[in-house]
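Report on the following structure.
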Amino acid sequence: MDNFRGLIIDIYLSSKIPNYERTVRDGEIKRNRCNQFDGKYCKLVKTKDWVLQVWSVGDNVSPHPILCYLCPYYGSNIEGSVNTSLLQLLREYISIKNGIEREISNLESKIGEMLYSSLVLRRRRQELLSTLDEIESKINIIKALIRYQDSLDHI
């Protein structure tokens, strides 16, 4: 049954998310490397959003690779568990995006002032722009998941 649920999620999302296969592959890599994943269940992230789970038993969640791709806690050594939802993930990524945009703005104002370090500042700006693109992609994925879940919750 768990493969069936994951397959339904994959079918829907593959048409909504560009480069979906690569995104799932990246999520699988993160999931398999994560010290919080025991091979079947995630010990850290708990969610009631069914679209992020391949399967759940009680509080144990078998995460869909999309959840692992979107997980902002990857690589952290948080003790216990974290309850999250799509809306909470969206809020976190918007907060991260706003912080990056502020830092880019600050860098752009400094680039004109400090000629001797402008190369370092420009490189940092490029890194931040790349990170910002990744964050915006994750925000778009979360919005697509919210729309999908809402459309099926009303059935």
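The values are calculated or read from the model by the stated rules, or taken from the named source; none is laboratory data. Computed from a prediction, not measured in an experiment: that's the story for all the values here. We place every Cβ from the backbone using ideal geometry, glycine too, and count neighbours over all the protein chains shown. Just so you know, the surface numbers come from the protein's heavy atoms only, side chains and all, with ligands and any DNA or RNA stripped out. Shrake-Rupley method; radii C 1.70, N 1.55, O 1.52, S 1.80 Å.
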Long-range neighbours under 8 Å by Cβ, at least six apart or interchain, first residue farther than 18 Å from GLN149 by Cα and in a helix (DSSP H, G or I) within segment 78-96, second of a type in the set (D, E, K, R) and modelled with pLDDT of 85 or more
TYR93/LYS138
Say we look at segment 50-73 and pick out the residues that are buried (at least 18 other Cβ atoms within 10 Å of the Cβ) and at pLDDT below 80; which of these is nearest to ASP150 (Cα to Cα)?
VAL51
Taking the condition surrounded by 15 or more Cβ atoms within 10 Å (Cβ to Cβ), modelled with pLDDT of 90 or more and within 26 Å of LYS16 (Cα to Cα), does ILE94 pass?
no
Can you name the residue in segment 129-146 that is free of Cβ contacts under 8 Å to residues at least 12 places away in the same chain and of a type in the set (S, T, N, Q) and, of all such residues, is most open to solvent (accessible area, probe 1.4 Å)?
SER130
Is it true that ASP10 is open to solvent by 20 Å² or more (accessible area, probe 1.4 Å), at pLDDT below 80 and of a type in the set (D, E, K, R)?
no
